[in-house]
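Undergrad: Have a look at this one.
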Amino acid sequence: HEVGTDLIVGFPGETDRDFARTLAMIETLPLSHAHVFPYSDRPGTEGASLSGKVDGEVVRARARALREAGARLSAAFQARQIGTTRRALTVDDGTRAVTDNYLKLSIPPGRSRNEWVHLEIQGRPGALEGVTIPGVTSTLIRQDDALLDAGRQPSPAGDEEARSEKHRRTTGSGS
């Protein structure tokens, strides 16, 4: 699975030591992505009235360092996904897909937008591609459709599996 985080850098009172500890901790986490926001005062907030403001150049340098760490972690996450198979939803004009763990992939043309597909992830971090796995069912999603059978692998259980899945989804029951 993927785990991301949001980080605010340069909050009033943040010391060099605080930042160094944050950066060191971030480097050890299995994050798939990090959103870094430089702190800025907002009128009427408690933070705006706090002392210990961090210099703007320092805030920008710290934000850059955290973004670089986040990029390394994201690349490592993407590298771990290469060769795996993931469920994905086609987007845009059907030549892009977003996996169930939020990777954005290029895929071969010929699919509609909002179609569930199963993809083998190929390529390299920053340029991932998806190759459709044959034999896996997919369903075109329209806003007014229920998604009861989208993306199910065909199985000998057939109709019984579909009824069981529909029951679980409509009742919230595990059995």
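The values are calculated or read from the model by the stated rules, or taken from the named source; none is laboratory data. These figures come from a predicted structure and were not determined experimentally. Positions of Cβ are generated from backbone atoms using ideal geometry, with glycine treated the same way; all protein chains shown enter the neighbour counts. Protein only, heavy atoms only, side chains kept; ligands, DNA and RNA dropped before computing areas. Shrake-Rupley method; radii C 1.70, N 1.55, O 1.52, S 1.80 Å.
Undergrad: What length, rounded to one decimal in nm, is gained on full extension from Glu2 through to Asp55, with 0.36 nm per residue of separation minus their alpha-carbon distance?
TA: This chain segment gains 15.7 nm when fully extended.
Undergrad: Taking only protein heavy atoms and a 1.4 Å probe, what accessible area per residue, in Å², does the range 1-116 have with all protein chains in place?
TA: Value for the range 1-116: 60 Å² per residue.
Undergrad: Tell me, what HN-Hα J-couplings in whole Hz come from the Karplus equation 6.51 cos²θ - 1.76 cosθ + 1.60 at θ = phi - 60° for each residue of the range 21-29, using x for Gly and Pro?
TA: 3J(HN,Hα) across the range 21-29, in whole Hz: 5, 4, 4, 4, 5, 4, 4, 9, 8.
Undergrad: I'd like the carbon and sulfur percentage of the solvent accessible area for the range 1-104, probe radius 1.4 Å, heavy atoms only, ligands and nucleic acids excluded.
TA: 56 percent
Undergrad: Antiparallel DSSP bridges in the range 1-133: what percent, to the nearest 5?
TA: Just about 70 percent of them are antiparallel.
Undergrad: Moving on to the next point. Go ahead and run the numbers for FRET between Thr84 and Thr45, Cβ-Cβ distance against an R0 of 45 Å, rounding to 0.05.
TA: About 0.55, to the nearest 0.05.
Undergrad: Hey, another quick one. Restricting things to Cα coordinates, could you compute the convex hull volume per residue of the range 6-58 in Å³?
TA: With only Cα atoms used, the range 6-58 gives 85 Å³ per residue.
Undergrad: So, one more: In nm, to one decimal, how far is the Arg72 label point from the Asp16 one, both placed 7 Å along Cα→Cβ?
TA: 2.0 nm
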